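**Student:** Structure in structure tokens, see below.
The values are calculated or read from the model by the stated rules, or taken from the named source; none is laboratory data. Quick caveat: nothing in here was measured; it's all calculated off a predicted structure. Positions of Cβ are backbone-derived with ideal geometry, glycine not excepted, and every protein chain shown enters the neighbour counts.
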Amino acid sequence: MAAANTKKGGQKLRSVLGEEEADKVAFYHDWCKHCNICVAFCSKQALAMDENNYPQLVAPERCNSCGLCEVLCPDFAVTVPARHRVSTRRARKKKPDIN
Ligand code: SF4
Ligand code: SF4
């Protein structure tokens, strides 16, 4: 199984952005059927298809680690590592008090 982020593009991205940012989303090319769902539904426009029609994280700074791409991928080809996820409890604490 090959992970996209370990291939050429991913390695370049890592060297520019650092390990932490580039690892926010991992793709498993062997399981990807190029349906574009992950790219289409990312509300932050952090993903795009590359020249080989595989998704890649093109704007890690925009990715908020919501995990939607992982949930929506019908082929389990996307992983958003738990270490990047913002827990619901932490997210609730960040919300401003509107009362
Ligand atoms: S949703 Fe899954 S199968 Fe579809 S393009 Fe993205 S990674 Fe590939
Ligand atoms: S985790 Fe959320 S913001 Fe980041 S690439 Fe996936 S859908 Fe987009």
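**Student:** Looking at region 35-42, is at least one residue more than 12 Å from ligand 2 (Cβ to nearest atom) and at pLDDT 60 or above?
**Tutor:** Scanning region 35-42 turns up at least one residue that is more than 12 Å from ligand 2 (Cβ to nearest atom) and at pLDDT 60 or above.
**Student:** I've got another one for you. What are the pairs, 6+ residues apart or on separate chains, where a residue within region 23-50 that is acidic (Asp, Glu) has its Cβ under 6 Å from a residue that is surrounded by 14 or more Cβ atoms within 10 Å (Cβ to Cβ) and modelled with pLDDT of 95 or more?
**Tutor:** ASP50/GLN56
**Student:** I'd like the residue in region 21-33 that is part of a loop (DSSP other than H, G, I, E, B) and surrounded by 14 or more Cβ atoms within 10 Å (Cβ to Cβ) and, out of all such residues, is farthest from ligand 2 (Cβ to nearest atom).
**Tutor:** Among those that are part of a loop (DSSP other than H, G, I, E, B) and surrounded by 14 or more Cβ atoms within 10 Å (Cβ to Cβ), it is CYS32.
**Student:** Starting from residues that are touching a helix residue (DSSP H, G or I) at 6+ places or on another chain (Cβ under 6 Å) and part of a loop (DSSP other than H, G, I, E, B), keep the ones in region 51-67 and report whichever is surrounded by the most Cβ atoms within 10 Å (Cβ to Cβ).
**Tutor:** Within region 51-67, the match that is surrounded by the most Cβ atoms within 10 Å (Cβ to Cβ) is PRO60.
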